[in-house]
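Undergrad: Below you will find the structure I want to go over with you.
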Amino acid sequence: MPRIAPPVRALALVALCGAVLAGCVPAASETEAAETVAAPLGLPLVDGVTVQAGLVYASPEGTELALDACLPASDGTAARPAIIFIHGGSWYRGARDEALYRETCEWLAGAGYPTFSISYRLSPAAQFPAATDDVRAALAWLREPAQVDAYGIDPDRIALFGSSAGGTLAAWVGTAGEGAWSAPDRVAAVVELSAPIDLSGVAEDARLTQRRLDYLGCESDDDCAVAALASPITAIDASDPPVFIVHSEDEFVPDEQGELFAAALREAGVEVELLVVPGDRHAIMLLDADISARILDFLARTVDGEAILAAD
């Protein structure tokens, strides 16, 4: 039954953490009904989704990193694919439990995917590869037997879903390395919304330049060798998983970034779908009815394997 979550208690965790300080972690995890946030995107949410908030998944250099698990109602079926969701914020801000991100987490759970919305270390205090290391740490945590059993997931079918800067992190982890998608640092699919992919400064809105340099730990582009290493586009090979890319025509991160990424993936023989829509919507704001439906179709064809079963 479709529902729209009422605008109640959305500030519960924020009040504990003080505004939107990403990385602030409750002392203990909480399990809450899904009716805890407004639904500003208008995504189709369903009854039965629960949220386990503030689960610590890693403590790099003594900094506790937490995630929120958005869980579908159990249907008694075999182990299900899972999704790690990575919020945006130009690498320096944002929080996993902001209303837009919580709604996305609940929407994906309502579609049948246990979804894990993560915090990660932010710049300028943390520079590349800290945030990508955190995504990999969340992936390792999710693949531990305790989590596999508790959440009924298939560790060989994990997708990354990232918005804006979170899309950069998802794309980087998705393309780094080579070999089987079930390997410890690999995933079976990537969805990225409005992600900067080439971090050399090409096709960039000037408003993002300083944030990108802060993330890279560089003073300027004149001496920033790490930009190539941090750019997902430089690590592509034929073993990479399928990728779904969305941009709008006149947005904050130019759609040329998505076009460059898609072209490089195609050249390597990787399955890719690029969707560029009219307007200036950016990142998570792109999730209208059509795009959200197409993302679910992509996930059904990849991590769910429905297309393969139908062909058989």
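The values are calculated or read from the model by the stated rules, or taken from the named source; none is laboratory data. For clarity, every value in this text was computed on a predicted model and none was experimentally measured. So basically every Cβ, Gly included, is an ideal-geometry build from the backbone, and we count neighbours across all protein chains shown.
Undergrad: Can you work out which of the residues in segment 211-237 that are free of Cβ contacts under 8 Å to residues at least 60 places away in the same chain and of a type in the set (G, A, S) is farthest from G269 (Cα to Cα)?
TA: Here the answer is S220.
Undergrad: What single numbered condition from (1) farther than 22 Å from G112 by Cβ; (2) in contact with a His (Cβ under 9 Å, 6 or more places away or on another chain) fails to hold for G62?
TA: Of the numbered conditions (1) farther than 22 Å from G112 by Cβ; (2) in contact with a His (Cβ under 9 Å, 6 or more places away or on another chain), the odd one out for G62 is (2).
Undergrad: Kindly indicate whether A78 is at pLDDT below 95, on the phi < 0 side of the Ramachandran plot and of a type in the set (A, V, I, L, M, F, W, C).
TA: Numbers: at pLDDT below 95: yes; on the phi < 0 side of the Ramachandran plot: yes; of a type in the set (A, V, I, L, M, F, W, C): yes.
Against the criterion (at pLDDT below 95, on the phi < 0 side of the Ramachandran plot and of a type in the set (A, V, I, L, M, F, W, C)), A78 qualifies.
Undergrad: Could you please give the count of residues in segment 52-77 that are assigned to a loop (DSSP other than H, G, I, E, B), farther than 23 Å from D133 by Cβ and without any contact (Cβ under 8 Å) to a residue 40 or more places away in the chain? I'd like the intermediate steps shown before the answer.
TA: Applying the first criterion (assigned to a loop (DSSP other than H, G, I, E, B)) to segment 52-77 yields 59, 63-64, 72-77.
Now narrow it down to the ones that are farther than 23 Å from D133 by Cβ: 72-77.
Filter again for without any contact (Cβ under 8 Å) to a residue 40 or more places away in the chain, leaving 73, 75-77.
Of the residues in segment 52-77, 4 are assigned to a loop (DSSP other than H, G, I, E, B), farther than 23 Å from D133 by Cβ and without any contact (Cβ under 8 Å) to a residue 40 or more places away in the chain.
Undergrad: What about Y113, is it part of a helix (DSSP H, G or I) and among the hydroxyl-bearing types (S, T, Y)? Reasoning before the result, please.
TA: Numbers: part of a helix (DSSP H, G or I): no; among the hydroxyl-bearing types (S, T, Y): yes.
In short, no.
Undergrad: Are there helices (runs of 4 or more DSSP H) fully within segment 194-306 with at least 3 residues that are at positive phi? List them.
TA: none
Undergrad: Can I ask one more? For segment 252-269, what are the residues that are over 17 Å from the mean Cα position of the chain (by Cα), crowded, with 24+ Cβ neighbours inside 10 Å and not hydrophobic (A, V, I, L, M, F, W, C)?
TA: Selection gives Q257 alone.
Undergrad: Of all residues in segment 70-88, which are farther than 17 Å from Q147 by Cβ, out of contact with any helix residue (DSSP H, G or I) (no Cβ under 6 Å at 6 or more places or on another chain) and of a type outside the set (V, I, T)? Steps first, answer last, please.
TA: Initially, segment 70-88 is screened for residues farther than 17 Å from Q147 by Cβ, giving 73, 75-77, 86-88.
Next cut, out of contact with any helix residue (DSSP H, G or I) (no Cβ under 6 Å at 6 or more places or on another chain) only: 73, 75-77.
The answer is A73, D75, G76.
Undergrad: Quick one: count up the residues across segment 168-193 that are assigned to a helix (DSSP H, G or I) and among the basic types (K, R).
TA: Looking only at segment 168-193, we keep the residues that are assigned to a helix (DSSP H, G or I), and these are 168-175.
Retained after the next criterion (residues that are among the basic types (K, R)): none.
Residues that pass the stated criteria total 0.
Undergrad: Looking only at segment 272-290, filter to residues that are surrounded by 17 or more Cβ atoms within 10 Å (Cβ to Cβ) and within 18 Å of G88 (Cα to Cα); which one of those is farthest from the chain's Cα centre (by Cα)? I'd like the intermediate steps shown before the answer.
TA: Filtering segment 272-290 down to residues surrounded by 17 or more Cβ atoms within 10 Å (Cβ to Cβ) leaves 272-275, 281-287.
Restricting the remaining residues to those that are within 18 Å of G88 (Cα to Cα) gives 281-287.
Working: R281: 18, H282: 15, A283: 11, I284: 10, M285: 14, L286: 14, L287: 13 Å.
Applying the filter and picking the extreme gives R281.
Undergrad: Ok, one more. Kindly indicate which of S231, S248, S220, S239 is at pLDDT 95 or above, more than 22 Å from L287 (Cβ to Cβ) and touching a Gly at 6+ places or on another chain (Cβ under 6 Å). Break it down into steps so the answer makes sense when it comes.
TA: Working: S231 fails: touching a Gly at 6+ places or on another chain (Cβ under 6 Å); S248 fails: more than 22 Å from L287 (Cβ to Cβ); S220 fails: touching a Gly at 6+ places or on another chain (Cβ under 6 Å).
Sole residue among the options that is at pLDDT 95 or above, more than 22 Å from L287 (Cβ to Cβ) and touching a Gly at 6+ places or on another chain (Cβ under 6 Å): S239.
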